[in-house]
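To keep things clear, I will list the structure first and then write my remarks on it.
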Amino acid sequence: MLLFSFLAFGQKAQKKYSEADSVEVNRLLQLSKNNFSEAPDKAISLAEQARILADSIRYFDGVAVALKNIGIAYYYQGKNVEALDYWKQSFEIYKSIGDQVGEANILNNIGAIYFNQGDDANALEYYLQSLALAEKTGDKLRILTAYNNIGGVYFNKPATHDKALFYFLKALPLSEEMGDKEALGTTTVNLGEIYYAKNNDSLALFYYNISEKAYNNSENSPYVYNAIGKVYNRQGEYSLAITYHKRALAIADKLNGNLDIVQSLMGLGVSYFLYGDLSKGFDYLKQAEKLALEFQFTKELKDIYKELASSYNQVKDYKNAYSYHTFSNIKDTLYNIETDKKLGSLQFDFEIQKKQGEINLLTKDKALQDADLKRQKLIKNAFLIGALLILFITFNLYRNYLAKVKTNKLLDKQKDEIETLLLNTLPAEIAKELRVTGKAAPRHYNHVSVLFSDFVDFTSHSEKMTAQELVEHLNTCIMAFDDIIGKHNLEKIKTIGDAYMCAGGIPVEDDTHIFRIVKAGHDMHQWIEQDNVTRMNNGLDPWGLRIGIHVGPVVAGVVGKRKYAYDIWGSTVNIASRMESNGQAGKVNISKAVYDLIKDHFECTQRGKIYAKNVGEVEMYFVGNEIV
């Protein structure tokens with residue numbers, strides 16, 4: 001579910017115009033906004049009047065909002081190309097007057113267009129840019145909007161559902177804090193969809209019901225009604241599902257919300273088919289298909305094709321089932337809607353003419369039948385040639401499509417390989433920043449946990465093993481540590497010889513990293529203990545591991561322009577290193593700063609102080625078991 005932020009008046013209003021004129025511009029803009037859903041054409045006309053007046057008095061904030069409003073009205077009509085054009089014009093004006101709040105608003109809206117077209121990569125790029133500007137300006141509404149929309153992109157793939165849940169849960173307290181009903185409705189319907197995907201219907205309905213009350217039969221209500229309908233379908237409550245989909249359709253029809261109409265029709269088609277009314281099921285799905293094609297709702301079109309393929313398969317109409325299954329597998333970026341319309345039109349004309357010819361043949365006078373039969377033969381031959389031509393065109397289109405699919409898969413594979421390589425080197429957020437801007441600015445973090453580990457007597461071990469044996473076993477240990485910190489959502493910084501360094505609370509700040517990094521330290525020791533049992537059973541020396549942890553401020557970033565590496569600096573890093581070097585094998589040694597944060601959650605033993613350069617004396621503690 002996408003969340004729009006319609007209020008985006010400028011922060012740096014020009015004062016070269018009369019107050020009365022600017023008031024009139026704002027009045028027209030408010031009237032335009034009031035007509036978005038029920039009368040979008042009127043909204044466009046009012047916004048255009050506001051734009052002309054604002055432009056004449058050089059009221060640039062008003063011009064930007066007017067262009068934005070025109071784009072929103074077109075969006076409500078399903079006219080994405082026009083919406084994008086006006087939003088990009090609005091963005092340039094906001095940028096020229098330094099209104100970053102307005103920029104963030106427009107970037108979010110542009111992302112929504114790409115999201116609805118199934119272009120997740122572009123959608124995510126615009127949403128992340130919007131979030132960066134919103135965080136920079138401290139605009140809670142747009143931060144909340146970005147959280148919901150970024151979560152929506154991650155929700156599209158089951159593999160990233162946990163990331164989606166992370167962003168939706170970040171949005172929930174913000175929407176409650178702001179008391180914004182629309183924002184609360186959007187956040188909770190998103191959470192409902194996550195739990196629906198996880199097959200947790202009770203939690204899904206819990207959040208959907210909150211969303212339903214928040215929306216209160218507004219223009220966003222069709223979305224949540226359709227979502228509730230899907231839950232009842234899965235539970236076998238088909239009558240209830242039909243009721244909710246009909247509620248959605250009634251509101252969507254009233255507001256001319258084409259996307260909601262398509263989703264409601266699709267929901268009704270599925271519900272009636274499950275209910276056993278096949279005729280109504282096919283009727284609603286066909287209506288949904290027609291509208292989705294008309295407005296180029298690619299994502300919905302693919303879902304409709306899948307439902308039609310499944311439905312035809314169940315009634316043993318395998319020809320249609322295969323056709324729709326093939327359509328549903330066409331990749332959005334390669335799907336040529338215009339070509340499909342032309343082929344459909346040719347086939348339709350062909351069938352009509354053929355039927356008319358048969359009717360004429362049956363109704364001819366006997367005296368004219370011989371002449372008519374000759375004419376029919378010519379027509380039949382013409383039809384045959386036409387059919388062969390259509391077959392030839394279809395074959396060539398399909399061959400070109402297969403070639404494009406092959407090329408696209410190759411490009412996708414190469415892109416994924418590059419992306420994986422970059423993400424193995426840098427955190428996702430930093431990799432994104434480098435990709436977008438070509439650089440990654442260093443950032444200061446107030447609260448970061450840092451862990452160092454080091455093997456005891458590593459030099460002694462190296463003298464007893466061949467170089468290959470040493471490196472192989474060290475690599476086994478490092479890979480195990482990588483898995484452990486990945487499980488605890490920590491960030492690996494680097495390895496230095498046999499030393500291992502990781503951190504928590506970067507590049508995304510959170511409140512639980514200190515507990516996760518302590519648990520990771522315990523898990524690392526536990527893995528080493530199990531590995532040592534195996535080594536000793538094979539007559540090999542055990543390896544001892546020291547671990548030290550400290551928490552505090554750091555500076556993090558990427559330096560240089562070749563062989564990028566993400567690193568952290570500051571006294572926090574130095575003290576964490578001292579905690580490790582003054583620890584003991586098999587123990588997690590922590591500073592007083594860490595102890596103060598975890599003492600109510602873990603058993604700890606005080607063990608004295610050490611002197612740290614430029615810091616002074618630092619108390620140390622060994623961490624024991626977690627307090628249950």
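Quick rundown of the values:
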{"item": "Filter result for ALA503 (small (Gly, Ala, Ser), in contact (Cβ under 8 Å) with a residue 24 or more places away in the chain, surrounded by fewer than 17 Cβ atoms within 10 Å (Cβ to Cβ) and assigned by TED's automatic domain parsing to the domain that holds VAL594)", "result": "no"}
{"item": "Boolean, LYS170 is within 11 Å of the chain's Cα centre (by Cα), assigned to a helix (DSSP H, G or I) and under 21 Å from ALA204 (Cβ atoms)", "result": "no"}
{"item": "Tally of residues being under 26 Å from ASP253 (Cβ atoms) and either of a type outside the set (Ser, Thr, Tyr) or touching a Lys or Arg at 6+ places or on another chain (Cβ under 6 Å) (or both) across segment 50-83", "result": "12"}
{"item": "Residue that is nearest to LYS254 (Cα to Cα) [pool: residues in segment 18-39 that are of a type in the set (A, V, I, L, M, F, W, C) and touching a helix residue (DSSP H, G or I) at 6+ places or on another chain (Cβ under 8 Å)]", "result": "PHE36"}
{"item": "Selected residue (only one of ASN149, ASN109 is among the polar types (S, T, N, Q), within 10 Å of the chain's Cα centre (by Cα), under 30 Å from GLU294 (Cβ atoms) and not assigned by TED's automatic domain parsing to the domain that holds ASP303)", "result": "ASN149"}
{"item": "Matching entry among GLU603, GLU580 (being among the charged types (D, E, K, R), in contact with a Gly (Cβ under 6 Å, 6 or more places away or on another chain) and over 17 Å from VAL448 (Cα atoms))", "result": "GLU603"}
{"item": "Residue in segment 194-211 that is buried (at least 19 other Cβ atoms within 10 Å of the Cβ) and of a type in the set (D, E, K, R) present", "result": "no"}
{"item": "Condition met for LYS68 (of a type outside the set (Phe, Trp, Tyr), modelled with pLDDT of 90 or more, under 31 Å from the mean Cα position of the chain (by Cα) and under 22 Å from ASP260 (Cβ atoms))", "result": "yes"}
{"item": "Subset tally (residues that are of a type in the set (Lys, Arg) and in contact (Cβ under 8 Å) with a residue 60 or more places away in the chain) for segment 517-543", "result": "1"}
{"item": "The lone exception for LYS487 - which of (1) surrounded by 13 or more Cβ atoms within 10 Å (Cβ to Cβ); (2) under 27 Å from the mean Cα position of the chain (by Cα); (3) over 25 Å from PRO553 (Cβ atoms); (4) not acidic (Asp, Glu) it fails", "result": "(1)"}
{"item": "Test result for LEU293, surrounded by fewer than 21 Cβ atoms within 10 Å (Cβ to Cβ), within 28 Å of the chain's Cα centre (by Cα) and in a helix (DSSP H, G or I)", "result": "yes"}
{"item": "Number of the condition not met by TYR147 [criteria: (1) in a helix (DSSP H, G or I); (2) under 23 Å from PHE297 (Cβ atoms)]", "result": "(2)"}
{"item": "Test for GLU307: is it buried (at least 17 other Cβ atoms within 10 Å of the Cβ) and in a helix (DSSP H, G or I)", "result": "yes"}
{"item": "Helices (runs of 4 or more DSSP H) lying entirely in segment 174-272 (those with 3 or more residues that are without any contact (Cβ under 8 Å) to a residue 24 or more places away in the chain and closer than 26 Å to TYR74 by Cα)", "result": "238-255"}
{"item": "Any hit, segment 576-594, residues being assigned to a helix (DSSP H, G or I), more than 23 Å from ASN532 (Cβ to Cβ), polar (S, T, N, Q) and assigned by TED's automatic domain parsing to the domain that holds VAL448", "result": "yes"}
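The values are calculated or read from the model by the stated rules, or taken from the named source; none is laboratory data. Because the structure is predicted, anything quoted here is derived from the model rather than measured. With ideal geometry, Cβ positions are generated from the backbone for all residues, glycine too; neighbour counts draw on all protein chains shown.
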